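J.: Below you'll find the structure I mean.
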Amino acid sequence: MKIGILQTGHAPDELRPITGDVNNLFERLLDGQGFTFETFAVVDGDFPDGPNSCDGWLITGSKHGAYEELPWITPLETLIRDIYRIGRPLVGICFGHQIIAQALGGKVEKYEGGWAVGRQTYDWQGEQIYLNAWHQDQVVQRPNEATPVASNAFCKNAALVYNDRIFTVQAHPEFDSIFINGLITARAGTVPPEQIEVAKKDLIKNVDNAYLAVKIGTFFKGTKA
């Protein structure tokens, strides 16, 4: 099964020699499940010919906001709607989670409650799981077709499914402690210092990336997320 990675951002320059770029993180996350990959750097204007070009699609995270007026946002939203219309499986992570919601009628904004940085706890249909996150933007109004499957006090719409055809997650199952530590160094920006300190302390704690890797893989293969 060929998965098209719609790359909407790049890893920081300092991290790329160590971790690879954003698409490489997902290739490693989903390794061993029988997938092949082709990356389209839509952030740089590289788009596929259409929604049939791959068997399934994955939209990555990005430093950009879904609401920004960038030349590749509108074409990406059109592609999202086309993928949904023909029923190819689509996964969105962080920015991908947000842009899919926006393209299908939801609302994304810079959340007034602040940032989620580092290891977070989520209620996943009654099960407690831990994933790394790095975001201030979030889906504040989900599309009519979307059903929440994970949440916490900070992020009500932490994971959504759309009629078993789209599966999106606000957190970053592709981020390990090395990548989070690199973001702390390269992109702390306006994140409150006390949150950065907590994120540093949590680097040694386990996260459930493998759990999400299986969920994403089984979704692509036609099993409910």
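J.: With respect to the numbered conditions (1) modelled with pLDDT of 95 or more; (2) over 15 Å from the mean Cα position of the chain (by Cα); (3) not hydrophobic (A, V, I, L, M, F, W, C), which one is the sole condition not fulfilled by LYS110?
T.: (1)
J.: Given the structure, is PHE219 touching a helix residue (DSSP H, G or I) at 6+ places or on another chain (Cβ under 6 Å), part of a helix (DSSP H, G or I) and crowded, with 17+ Cβ neighbours inside 10 Å? Walk me through how you get there before you give the answer.
T.: Values: touching a helix residue (DSSP H, G or I) at 6+ places or on another chain (Cβ under 6 Å): no; part of a helix (DSSP H, G or I): yes; crowded, with 17+ Cβ neighbours inside 10 Å: yes.
Spelling it out, it is not the case that PHE219 is touching a helix residue (DSSP H, G or I) at 6+ places or on another chain (Cβ under 6 Å), part of a helix (DSSP H, G or I) and crowded, with 17+ Cβ neighbours inside 10 Å.
Conditions (1) of a type in the set (Phe, Trp, Tyr); (2) surrounded by 19 or more Cβ atoms within 10 Å (Cβ to Cβ); (3) without any contact (Cβ under 8 Å) to a residue 24 or more places away in the chain, marked per residue:
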{"residue": "ALA150", "(1), (2), (3)": "no, yes, no"}
{"residue": "PHE179", "(1), (2), (3)": "yes, yes, no"}
{"residue": "PRO192", "(1), (2), (3)": "no, no, no"}
{"residue": "TYR211", "(1), (2), (3)": "yes, no, no"}
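J.: Out of the residues in region 14-29 that are in contact (Cβ under 8 Å) with a residue 60 or more places away in the chain and not aliphatic (A, V, I, L, M), which is nearest to VAL43 (Cα to Cα)?
T.: Checking each candidate, the answer is PHE26.
J.: With respect to LYS200, is the statement that it is over 15 Å from the mean Cα position of the chain (by Cα) and basic (Lys, Arg) true?
T.: yes
J.: I need every pair where a residue in region 75-95 that is surrounded by 15 or more Cβ atoms within 10 Å (Cβ to Cβ) has its Cβ under 6 Å from the Cβ of a residue that is aromatic (Phe, Trp, Tyr) and assigned to a helix (DSSP H, G or I), sequence separation at least 6 or different chains.
T.: Between residues of region 75-95 that are surrounded by 15 or more Cβ atoms within 10 Å (Cβ to Cβ) and residues that are aromatic (Phe, Trp, Tyr) and assigned to a helix (DSSP H, G or I), the close pairs are PRO89/PHE220.
J.: Right, next: Can you report the number of residues in region 182-215 which are over 17 Å from THR19 (Cβ atoms) and in a loop (DSSP other than H, G, I, E, B)?
T.: 8
J.: Is region 114-121 home to any residue that is crowded, with 16+ Cβ neighbours inside 10 Å, modelled with pLDDT of 95 or more, in a strand (DSSP E or B) and within 11 Å of the chain's Cα centre (by Cα)?
T.: no
A quick yes/no check of all residues on (1) closer than 24 Å to PRO173 by Cα; (2) among the aromatic types (Phe, Trp, Tyr); (3) assigned to a helix (DSSP H, G or I):
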{"residue": "PRO71", "(1), (2), (3)": "no, no, no"}
{"residue": "THR78", "(1), (2), (3)": "no, no, yes"}
{"residue": "VAL91", "(1), (2), (3)": "yes, no, no"}
{"residue": "ILE100", "(1), (2), (3)": "yes, no, yes"}
{"residue": "GLY105", "(1), (2), (3)": "no, no, no"}
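J.: Within the group PHE154, PHE175, PHE167, which residue is buried (at least 21 other Cβ atoms within 10 Å of the Cβ) and assigned to a loop (DSSP other than H, G, I, E, B)? Spell out the reasoning first.
T.: Numbers: PHE154 fails: buried (at least 21 other Cβ atoms within 10 Å of the Cβ); PHE167 fails: assigned to a loop (DSSP other than H, G, I, E, B).
Just one listed residue meets the conditions, PHE175.
J.: Does region 136-145 contain at least one residue that is among the basic types (Lys, Arg), closer than 17 Å to ASN209 by Cα and surrounded by 15 or more Cβ atoms within 10 Å (Cβ to Cβ)? Even if it seems obvious, please write down each step before you answer.
T.: Keep residues of region 136-145 that are among the basic types (Lys, Arg), which gives 142.
So of that shortlist, the ones also closer than 17 Å to ASN209 by Cα come out as none.
No, because not a single residue in region 136-145 is among the basic types (Lys, Arg), closer than 17 Å to ASN209 by Cα and surrounded by 15 or more Cβ atoms within 10 Å (Cβ to Cβ).
The values are calculated or read from the model by the stated rules, or taken from the named source; none is laboratory data. Just so you know, these numbers come straight off a predicted model, no measurement behind them. Cβ coordinates were reconstructed from backbone atoms using ideal geometry, including for glycine residues, and neighbour counts include every protein chain displayed.
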